[in-house]
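The values are calculated or read from the model by the stated rules, or taken from the named source; none is laboratory data. These figures come from a predicted structure and were not determined experimentally. Heads up, the Cβs are rebuilt from the backbone with ideal geometry, glycines too, and the neighbour counts pull from every protein chain shown.
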Amino acid sequence: MAKKRKEPHPEVLKFGEKIFKLRSKHNMSQMDLGAEVGIDRENIRKYEKGIQEPRLTTIIKFKKVFDVSFDELLG
């Protein structure tokens, strides 16, 4: 029997959309952003799709790379 995928939390989806928009605004590929944050491209893809929830330390790295407030990044 196929494993049923859990629906992502709406806040995780919103975070992923924000990362995608900021990455696009800065003309960065997933690979570029991954290199800046210190994670691989596949994890960037998972964050943007809402498949994976980021750790606080990763959120802080995104905040620094994009030079935005926590409110802007998470709100």
(message) Of the conditions (1) free of Cβ contacts under 8 Å to residues at least 24 places away in the same chain; (2) farther than 22 Å from Glu7 by Cα, Leu33 satisfies every one except a single condition; which number is it?
(response) (1)
(message) Restricting to segment 41-58, and then to whatever is under 17 Å from Met28 (Cβ atoms) and of a type in the set (Val, Ile, Thr), can you tell me which residue is surrounded by the most Cβ atoms within 10 Å (Cβ to Cβ)?
(response) Ile44
(message) Step by step: first the residues of segment 13-46, then only those that are out of contact with any helix residue (DSSP H, G or I) (no Cβ under 8 Å at 6 or more places or on another chain) and among the aliphatic types (A, V, I, L, M), then the one that is modelled with the lowest pLDDT. Which residue is that?
(response) Leu13
(request) Could you give me the residue pairs with C-beta distances under 7 Å whose first residue belongs to segment 10-24 and is farther than 12 Å from Glu53 by Cβ, whose second residue is at pLDDT below 95 wherever it lies, and which are 6+ apart or on separate chains? (result) Lys18/Leu73
